[in-house]
Amino acid sequence: MTHTELSRRVRAHISQAHRYAHVVRTARFAEMLAYHNGASTTQARLAGMLHDLARLYPATRLLEECERRGIPIDAFARENPIVLHAPLGAEIAREQFGVIDPAVLSAIRKHTLGDAGMSRLDTILYLADALEPGRDYADRAALANIAQHDLNAALRATLASTRDAMLSRGRRIAPQTLAALAFYNA
Ligand SMILES: [Fe+2]
Ligand SMILES: [Fe+2]
């Protein structure tokens, strides 16, 4: 699939200008991070373009489509079905966009909550999604700079910043994110 064809199909699938613009910025940012950190820019761009295919599905559809495919739904996801857009998005990338690269599918699966032991591509997509220029929070630009030369340092700092933001809003932290925080000593 050419990049133009991919863009057209993702745009049609997402059908909201605002979300599609985030997807394109995430793909560009992921490609840039891959370039600066010696990873595949092709994989990074593809993961970025396909990471939010299920992001706008309502909670009932997320739960239903995950159940139908046997995608595990833990207690945290039951209470916060929005997080299911990551593993479901990976399945849609496989089923409807023909992606078979396990590295790309893994990055899509982990982009929202993170996980213990993330691959380089997992880390690139997680950071690109969190740090793309459309995101609006105090540390963004500083973290984006760190990410260009030290992915693990940026991952630690971004996980810590996510944890602090969640705690200050009195929100629970997902088990996968807690596992990532522990694994990376964030
Ligand atoms: Fe997402
Ligand atoms: Fe996203």
Notebook entry, point to check: In the list A90, A39, A30, A86, which residue meets the criterion of being in contact with a His (Cβ under 6 Å, 6 or more places away or on another chain), open to solvent by less than 60 Å² (accessible area, probe 1.4 Å) and under 26 Å from A154 (Cβ atoms)?
Noted result: A86
Next item on the list: Name the helices (runs of 4 or more DSSP H) wholly inside segment 98-160 in which the number of residues that are touching a residue at least 12 places away in the same chain (Cβ under 8 Å), under 20 Å from Y35 (Cα atoms) and within 11 Å of the chain's Cα centre (by Cα) is 2 or more.
Entry: 102-110, 120-131
Next item on the list: Please go through segment 1-52 and pick out each residue that is small (G, A, S) and either more than 15 Å from ligand 2 (Cβ to nearest atom) or without any contact (Cβ under 8 Å) to a residue 12 or more places away in the chain (or both).
Entry: S7, A12, S15, A17, A34, G38, A39, S40
Next item on the list: Return a yes/no flag: does segment 105-113 have any residue that is β-branched (V, I, T), open to solvent by less than 10 Å² (accessible area, probe 1.4 Å), under 17 Å from H13 (Cβ atoms) and more than 14 Å from ligand 1 (Cβ to nearest atom).
Entry: no
Margin query: Considering only segment 62-70, I want to know if a residue exists there that is within 11 Å of the chain's Cα centre (by Cα), at pLDDT 95 or above and surrounded by 19 or more Cβ atoms within 10 Å (Cβ to Cβ).
Written below: no
Notebook entry, point to check: Filtering segment 114-150 down to residues that are under 14 Å from T26 (Cβ atoms) and among the basic types (K, R), which residue is farthest from ligand 1 (Cβ to nearest atom)?
Noted result: R140
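The values are calculated or read from the model by the stated rules, or taken from the named source; none is laboratory data. These figures come from a predicted structure and were not determined experimentally. Positions of Cβ are backbone-derived with ideal geometry, glycine not excepted, and every protein chain shown enters the neighbour counts. With ligands, DNA and RNA removed, areas are computed over all heavy atoms of the protein, side chains included. Shrake-Rupley method; radii C 1.70, N 1.55, O 1.52, S 1.80 Å.
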